[in-house]
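Remarks on the structure that follows.
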């Protein structure tokens, strides 16, 4: 890549087709967040029940909740993080709507982080 292929601020010149593709990927990633949430919830409840703690009033020990909850939270966070990444790339490429997808993905990530950090205090 030559110096003429670079924009004044040092990044690669935006390609409209790549920016549109990134925008589509950002929105598809956001659409996958609820799907990942449902799958993680069902899987988590099943794993806790398999460990001998039926769903309902019985609270599993903290170590078990974290052992199951942390990886499943990461499963939900992955599409939100992808939305942030692709949304920012789309915005840099000239698709202003990418900012919306990136902000929504960021809010989801903040919510997941806060929820995971508050688990020990909810007991």
_Contour excess over end-to-end distance, with Cα ends at residue 17 and residue 38 and 0.36 nm allotted per residue_ = 4.3 nm
*Rank the residues 75, 100 as a footprinting-exposure proxy: fewest other Cβ atoms within 10 Å of their Cβ go first.*
75, 100
*Could you check how many percent of all C-alpha pairs in the chain are farther apart than 16 Å?*
67
*Please state the relative contact order of the chain as a whole percent: Cα pairs under 8 Å, 6+ residues apart?*
33
*What is the extension gain from residue 50 to residue 113, computed as 0.36 nm multiplied by their sequence separation minus the C-alpha to C-alpha distance, in nm to one decimal?*
20.1 nm
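Any read-out appearing in this document is the output of simple, stated calculations on the displayed coordinates, not a laboratory observation. Note that this is a predicted model, so its numbers are computed, not measured. Because the Cβ atoms are built from the backbone with ideal geometry, glycine has one as well, and the counts that use them run over all protein chains shown.
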